[in-house]
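To start, the structure itself, in structure tokens.
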Amino acid sequence: AQTVTQSQPEMSVQEAETVTLSCTYDTSESDYYLFWYKQPPSRQMILVIRQEAYKQQNATENRFSVNFQKAAKSFSLKISDSQLGDAAMYFCAYNPGNQFYFGTGTSLTVIP
Amino acid sequence: KAGVTQTPRYLIKTRGQQVTLSCSPISGHRSVSWYQQTPGQGLQFLFEYFSETQRNKGNFPGRFSGRQFSNSRSEMNVSTLELGDSALYLCASSLGMNTEAFFGQGTRLTVV
């Protein structure tokens with residue numbers, strides 16, 4: 001079974017600080033894609049960052065970076081210099097090529 | 001260019017009725033996927049269409065169906081509505097299933 005686990009239902013971070021959101025997944029596939037999506041109160045899911053499993057280098061998008069550990073099936077998201085606009089629900093997602101499997105989400109609060 | 005458009009944004013239906021939701025993908029995107037989001041079950045995959053063909057289907061009863069038109073617009077239909085069908089229904093479009101998915105703002109369905 002292909003599952004995605006986010007063990008932190010809620011996280012908080014001080015503005016300008018760094019926070020790391022955890023994600024693990026279970027799969028027998030060797031080639032797949034991993035994503036972090038953000039869902040603010042407006043409900044629209046927005047892509048934060050994407051990682052191809054065949055790439056060893058960790059993806060980075062401005063203040064967002066990932067720590068991808070393929071052997072451990074771990075895919076954490078690091079947000080640096082947190083901003084108030086980062087407050088949202090964050091979903092980790094796995095895609096082996098036919099559909100997205102989402103985790104249960106982590107609600108991130110940014111404290112001014 | 002325009003994003004993914006879902007209509008209507010909000011819908012209230014009575015048990016036993018049927019409902020049709022619409023999704024217009026980003027121009028050029030031929031893959032459209034549907035997801036159900038509830039507080040209890042999280043984000044669950046309903047089905048995916050590519051060039052008018054259903055390529056993949058999630059574990060939902062036959063009351064949930066969909067289709068895709070030649071212009072890539074997609075509709076999903078839920079017949080004989082149940083209270084448990086109350087959810088946010090999200091549509092996502094992409095160039096292919098292993099590429100970035102762009103989500104619409106969703107349709108909030110309430111069954112009373």
Restricting to the stretch B:18-59, count the residues that are under 21 Å from B:GLU82 (Cβ atoms), surrounded by 13 or more Cβ atoms within 10 Å (Cβ to Cβ) and in contact (Cβ under 8 Å) with a residue 60 or more places away in the chain.
3
Find the residue count for the stretch B:59-112, including only residues that are within 9 Å of another protein chain (Cβ to nearest Cβ) and hydrophobic (A, V, I, L, M, F, W, C).
7
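Please work out which residue is farthest from the other protein chains (Cβ to nearest Cβ), limiting yourself to the stretch A:95-110 and to residues that are aromatic (Phe, Trp, Tyr) and either surrounded by fewer than 21 Cβ atoms within 10 Å (Cβ to Cβ) or part of a strand (DSSP E or B) (or both).
Residue satisfying both the conditions and the ranking: A:TYR101.
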From the set of residues in the stretch B:71-107 that are β-branched (Val, Ile, Thr) and not in a strand (DSSP E or B), which is least open to solvent (accessible area, probe 1.4 Å)?
B:THR99
Would a scan of the stretch A:55-66 turn up a residue that is part of a strand (DSSP E or B) and in contact (Cβ under 8 Å) with a residue 24 or more places away in the chain?
yes
Quick one: is A:LYS38 touching a residue at least 24 places away in the same chain (Cβ under 8 Å) and either within 11 Å of chain B (Cβ to nearest Cβ) or not in a strand (DSSP E or B) (or both)?
yes
Considering each residue of the stretch A:69-94, count those that are surrounded by fewer than 20 Cβ atoms within 10 Å (Cβ to Cβ) and either touching a Leu at 6+ places or on another chain (Cβ under 6 Å) or hydrophobic (A, V, I, L, M, F, W, C) (or both), and give that number.
5
Identify, from the list A:GLN6, A:GLN51, A:GLN44, the residue that is open to solvent by 30 Å² or more (accessible area, probe 1.4 Å), out of contact with any helix residue (DSSP H, G or I) (no Cβ under 8 Å at 6 or more places or on another chain) and either within 26 Å of B:TRP34 (Cβ to Cβ) or away from chain B (no Cβ under 11 Å) (or both).
A:GLN44
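Which of the residues that make up the stretch B:55-70 are under 25 Å from A:ASN95 (Cα atoms) and at pLDDT 95 or above?
The first filter runs over the stretch B:55-70 and keeps only residues under 25 Å from A:ASN95 (Cα atoms), leaving B:55-62, B:64-69.
Within the stretch B:55-70, B:PHE60, B:PRO61, B:GLY62, B:PHE64, B:SER65, B:GLY66, B:ARG67, B:GLN68, B:PHE69 qualify.
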Name every residue in the stretch A:11-35 that is charged (D, E, K, R) and within 14 Å of another protein chain (Cβ to nearest Cβ), in order of residue number.
A:GLU29, A:ASP31
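The values are calculated or read from the model by the stated rules, or taken from the named source; none is laboratory data. These numbers were taken from a predicted model, which means no experiment stands behind them. Using ideal geometry, Cβ is built from the backbone for each residue, glycine included, and neighbour counts are taken over all protein chains shown. With ligands, DNA and RNA removed, areas are computed over all heavy atoms of the protein, side chains included. Shrake-Rupley method; radii C 1.70, N 1.55, O 1.52, S 1.80 Å.
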